[in-house]
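K.L.:
Mind having a look at this structure? Questions to follow.
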Amino acid sequence: MKIAIVASQAPNSQTALKELTQRYESLVVPEKDADVIVALGGDGFMLHTLHKFIDDDKPVYGMRRGTVGFLMNRYSADDLLERLKKSQVTILHPLKMLATTTTGEHYEALAINEVSLLRQTRQSSRIGISINGQNKIKQLIGDGIILATPAGSSAYNLSAHGPVLPLGAEVLALTPISPFRPRRWKGAILPADSYVKFCVQDCEKRPVSATADNFEVRDVDCVEVFEDRTISLSLLYDPEHRLEDRIINEQFII
């Protein structure tokens, strides 16, 4: 097995990079020649790594050197090859965001965690929502809205009081951010094959930005989002630290 090791710029990640590179020198190859990518850092760096290798069809095995590390395995320099051989695969499909600005510019981006729309000024946003061509909410007034994947449901979505979704459930979480109207609407769980369209109202007075993970588009007019099943991301996890188990456990933290 040939491995490439990548690391964030954090000091402890760089220390781990040096340690693993020296210990497994005979296995380490350039990224383009690797069978597996080993990522050292936190969840942010894992997302960066997944985006970087999204077209290469290489599995990624992360080890936590950051602060949260929900998407990472525990760090240890011992028995790396054996851990990789025993690891289990979790397949993720990203969301594709198609955003059109108020000036007619078009942008595309992929989101592994979520696509979020947020107000840019002190004034609340006003957003219309349609699902599969059917209008569902004429006007959502609030700070914005999130469409999250199961992998991202325990991140920003959870902070906005959205549901935690088990991997493999084939659903997405649609969660409002500080909604004022409709006052009693808490969000929805949608089938994974849903085509969601957000239309920003009163764009000039109430500008809204759209973000797909770390890619932001300002002053959007319309945002369309759907799961891109043509792209599959492979994450590797130790059997005792499966991502599916972590998502279940996250729902019982009080």
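The values are calculated or read from the model by the stated rules, or taken from the named source; none is laboratory data. Every value quoted in this text rests on a predicted model; they were computed, and no experiment measured them. Heads up, the Cβs are rebuilt from the backbone with ideal geometry, glycines too, and the neighbour counts pull from every protein chain shown.
K.L.:
Any idea which of (1) at negative phi; (2) over 24 Å from the mean Cα position of the chain (by Cα); (3) in the same structural domain as Ala188 (by TED's automatic domain parsing) is the one Gly133 doesn't satisfy?
P.N.:
(1)
K.L.:
Within segment 164-232, which strands (runs of 3 or more DSSP E) (wholly inside it) include 1 or more residues that are small (Gly, Ala, Ser) and either closer than 19 Å to Pro150 by Cα or without any contact (Cβ under 8 Å) to a residue 12 or more places away in the chain (or both)?
P.N.:
Result: 171-177, 188-191, 208-212.
K.L.:
Okay, moving on. From the residues in segment 1-23 that are surrounded by fewer than 17 Cβ atoms within 10 Å (Cβ to Cβ) and in contact with a strand residue (DSSP E or B) (Cβ under 7 Å, 6 or more places away or on another chain), which one is modelled with the lowest pLDDT?
P.N.:
The selected residue is Met1.
K.L.:
Same structure, new question: With a cut-off of at least 1 residues that are out of contact with any Asp or Glu (no Cβ under 9 Å at 6 or more places or on another chain) and of a type in the set (S, T, N, Q), name the helices (runs of 4 or more DSSP H) lying wholly within segment 1-86.
P.N.:
11-23, 43-52
K.L.:
Within segment 201-211, can you find the residues that are surrounded by fewer than 24 Cβ atoms within 10 Å (Cβ to Cβ) and closer than 11 Å to Thr100 by Cα?
P.N.:
If the condition is that a residue be surrounded by fewer than 24 Cβ atoms within 10 Å (Cβ to Cβ) and closer than 11 Å to Thr100 by Cα, then Ser209 is the only one that fits.
K.L.:
Shifting gears a bit: Among the listed residues Lys197, Lys136, which satisfies the condition of being over 22 Å from Leu110 (Cβ atoms) and out of contact with any Leu (no Cβ under 7 Å at 6 or more places or on another chain)?
P.N.:
After ruling out the rest, the residue left standing is Lys136.
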